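Novice: Structure below; questions to follow.
The values are calculated or read from the model by the stated rules, or taken from the named source; none is laboratory data. Since the structure is predicted, the reported quantities are computational estimates derived from the model, not experimental observations. We place every Cβ from the backbone using ideal geometry, glycine too, and count neighbours over all the protein chains shown.
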Amino acid sequence: MTGLIIFLIFLLLGVIIVQIGRVTELAAKIRGEEEVEQQNTNRQGKMLMLFLVVFLVLGIGSAIYYKDVMLGYGPLASASAHGGDIDSLFNWTLFFTGIVFVITHILLFWFSYKYRNMPGRKAQFQPHNNTLEIIWTVVPAVVMTFLVVNGLVVWNEVMTDLPADGDYLEIEATGYQFAWDVRYPGADNKLATKNFRLIDPATNPLGIDWSDDKAIDDVILSGADKIVLPVDETVRVRITAKDVLHNFYLPHFRVKMDAIPGLPTYFHFKPITTTKEFRQNLKNYPEWREPYDPADPESKERWEMFDYELACAELCGKSHYAMRRIVEVVTREEYDAWIAEKQSKPYYLTTIRGTENDPRKGQLLDIEKKMRNVELTSEFTKAMESENLEEKIINLKSVFYNTGSASLDNKSQSELDKLSQLLAQFPNVNAELRGHTDSQGDDDSNLALSEARAGNVMQYLLNKGVSADRLSRVGFGETQPIESNDSPEGREQNRRTELRIISNSL
Ligand SMILES: [Cu+2]
């Protein structure tokens, strides 16, 4: 409706202008062409001068008035180490082009007034002027050289001062319609290799090569996660795309790079202002202290709601806007806590491990040993303190035996070594080892097998120096399943060895 009204207004304005033109033509015929033409020329010349003044005053005035909403000025100073240099490049360009713009426009309008048509005035003919040619070739050439060289210097500084390997955080952003997949390295601080042939929308949307050991601990953020970065540390971003062109744009850090399918690009930068610090700075500006929701004066103030953001700066389709993502810059301690939480559930271990796509089926990985040892320690201390019988029993999940035999598989060492350490650390704890089997095979041999397995675990601990009077063992055979024996997975759960903490006289 509003659109229609605006359209009609412009239509009517057009009709009015045409009508005025006709009236003027008629008046000219009546009064004599030349006199009227002279009056028109005078009036148009003066109006051009007026337009010049209004245009320059409004143009320059509004730029000054609105400078605080533009990147690079007032509250929106750069939040990255190199951003100031980029801002300064823009300012130099604005300075030179601004001078040229103002001078040429004053001359343009002034000359069209000064040399307007007058009775008896003849145009001067100026076929060639060497001095003028030299001036308007040399001046722009010098200025352009300054701007380009300055730009190259800044570009080289921004793109090449990457610290030695390991001294920076490398993350990866893959753009697609319409989101970003963001990958963080695990504890090794290295991202695994990818191959587009390995892409599988269901299980491997990025095409990560799972046989690369660096893949084991890589973290892929979920779509709802913020991108969190540590302050004052260099971040290198690998930028790729899966379908069409996208653009990785962090406006507050002056980082902008195309994401191109099949052609990896990159950028590195160092955030120097945390989100909290940036908000505190915004608070100094009255326009940022207004309510975030203008309709609700009780809502939070604008500065409190500020967030850095990642935007796609390439018009990539109809939901292009949905590629916005929040970026949060935090202190090193906050970052460590955040990344530790993410690294506790790496994509490979949570999604690929044990499936048909897992190249390490049947192995026990170092990271799993570490995670299990942390888990065992907390289960052990909890069992010591608990009065609840069930909580006093710990399932030794990483203890395995050779098939159909009681002898320990080498993979079991890690957990049993940790267990012997814990028993040494808490000398008042006595423990019972409990063997269980699944329901396959006959009951008597299962009972014997479970006893023998518990016995072998006990023997291992005795060899590690735990004194014999602290340990006992019992076999339950197939009598205490924790899962159904109908499925292979259930039977695997049922074949287990447990540790029960018997007394704790602490
Ligand atoms: Cu996009």
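Novice: Taking LEU206 as meeting all but one of (1) under 16 Å from the mean Cα position of the chain (by Cα); (2) at pLDDT 85 or above; (3) not in a strand (DSSP E or B), write down the number of the exception.
Specialist: (2)
Novice: Out of the residues in the range 306-329 that are in a loop (DSSP other than H, G, I, E, B) and not basic (Lys, Arg), state the one that is nearest to the ligand (Cβ to nearest atom).
Specialist: CYS316
Novice: I'd like to verify a number: residues in the range 281-301 that are in contact with a Lys or Arg (Cβ under 7 Å, 6 or more places away or on another chain) and either among the charged types (D, E, K, R) or part of a loop (DSSP other than H, G, I, E, B) (or both), how many?
Specialist: 5
Novice: Now for a different question. Just need a number here: residues in the range 139-186 that are small (Gly, Ala, Ser), out of contact with any Asp or Glu (no Cβ under 9 Å at 6 or more places or on another chain) and more than 16 Å from the ligand (Cβ to nearest atom).
Specialist: 4
Novice: Sticking with this structure for a sec: Of the conditions (1) closer than 17 Å to LEU376 by Cβ; (2) of a type in the set (Lys, Arg); (3) part of a helix (DSSP H, G or I), ARG491 satisfies every one except a single condition; which number is it?
Specialist: Of everything listed in (1) closer than 17 Å to LEU376 by Cβ; (2) of a type in the set (Lys, Arg); (3) part of a helix (DSSP H, G or I), ARG491 misses just condition (1).
Novice: Would you check if there is a residue in the range 240-251 being in the same structural domain as GLN177 (by TED's automatic domain parsing) and more than 16 Å from the ligand (Cβ to nearest atom)?
Specialist: no
Let's see how each residue does on (1) more than 56 Å from the chain's Cα centre (by Cα); (2) farther than 30 Å from GLU287 by Cα; (3) part of a helix (DSSP H, G or I):
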| site | (1), (2), (3) |
| --- | --- |
| LEU12 | no, yes, yes |
| VAL23 | yes, yes, yes |
| LYS29 | yes, yes, yes |
| VAL57 | no, no, yes |
| SER62 | no, no, yes |
| GLY72 | no, no, no |
| PHE95 | no, no, yes |
| VAL102 | no, yes, yes |
| LEU107 | no, yes, yes |
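Novice: Among the residues of the range 330-351, write down those that are within 17 Å of the chain's Cα centre (by Cα), part of a helix (DSSP H, G or I) and surrounded by 14 or more Cβ atoms within 10 Å (Cβ to Cβ).
Specialist: Answer for the range 330-351, where residues must be within 17 Å of the chain's Cα centre (by Cα), part of a helix (DSSP H, G or I) and surrounded by 14 or more Cβ atoms within 10 Å (Cβ to Cβ): GLU334, TYR335, TRP338, ILE339, LYS342, GLN343, TYR347.
Novice: Across the range 252-266, what is the total count of residues that are away from the ligand (no atom under 16 Å from the Cβ) and either crowded, with 21+ Cβ neighbours inside 10 Å or assigned to a strand (DSSP E or B) (or both)?
Specialist: Total meeting the criteria: 4.
Novice: Can you tell me which residue is nearest to the ligand (Cβ to nearest atom) among those in the range 294-305 that are in contact with a helix residue (DSSP H, G or I) (Cβ under 9 Å, 6 or more places away or on another chain) and of a type in the set (D, E, K, R)?
Specialist: Within the range 294-305, the match that is nearest to the ligand (Cβ to nearest atom) is ARG302.
Novice: Quick check on LEU52: is it surrounded by 10 or more Cβ atoms within 10 Å (Cβ to Cβ), of a type in the set (A, V, I, L, M), touching a helix residue (DSSP H, G or I) at 6+ places or on another chain (Cβ under 7 Å) and under 30 Å from ARG279 (Cβ atoms)?
Specialist: Answer is no for this residue.
Novice: A further question follows. Which residue, of ASP200, ASP188, is acidic (Asp, Glu) and surrounded by 13 or more Cβ atoms within 10 Å (Cβ to Cβ)?
Specialist: ASP188
Novice: Quick one: what pairs do we get from the range 39-57, first residue closer than 14 Å to LEU107 by Cα, second of a type in the set (Val, Ile, Thr), C-beta under 9 Å, 6+ apart or different chains?
Specialist: What qualifies is LEU52/ILE106; LEU56/VAL102; LEU56/ILE106.
Novice: Here's a follow-up. Just to be sure, is LEU52 within 50 Å of the chain's Cα centre (by Cα) and not assigned by TED's automatic domain parsing to the domain that holds PHE109?
Specialist: Considered against the rule, which asks whether it is within 50 Å of the chain's Cα centre (by Cα) and not assigned by TED's automatic domain parsing to the domain that holds PHE109, LEU52 comes out as no.
Novice: How many residues are away from the ligand (no atom under 14 Å from the Cβ), farther than 17 Å from THR273 by Cα and crowded, with 20+ Cβ neighbours inside 10 Å if we restrict to the range 223-239?
Specialist: Residues in the range 223-239 being away from the ligand (no atom under 14 Å from the Cβ), farther than 17 Å from THR273 by Cα and crowded, with 20+ Cβ neighbours inside 10 Å: 1 in total.
Novice: For the range 267-285, which positions are under 25 Å from GLU170 (Cβ atoms) and over 23 Å from the mean Cα position of the chain (by Cα)?
Specialist: Within the range 267-285, no residue meets the criteria.
Novice: Is it the case, given these coordinates, that ASP218 is more than 16 Å from the ligand (Cβ to nearest atom) and touching a Pro at 6+ places or on another chain (Cβ under 7 Å)?
Specialist: When the stated conditions are applied, ASP218 passes them.
Novice: Related question: For the range 303-352, give me each residue that is in contact with a Leu (Cβ under 6 Å, 6 or more places away or on another chain) and farther than 21 Å from VAL228 by Cβ.
Specialist: Once the filter is applied, which keeps residues that are in contact with a Leu (Cβ under 6 Å, 6 or more places away or on another chain) and farther than 21 Å from VAL228 by Cβ, the range 303-352 yields only GLU314.
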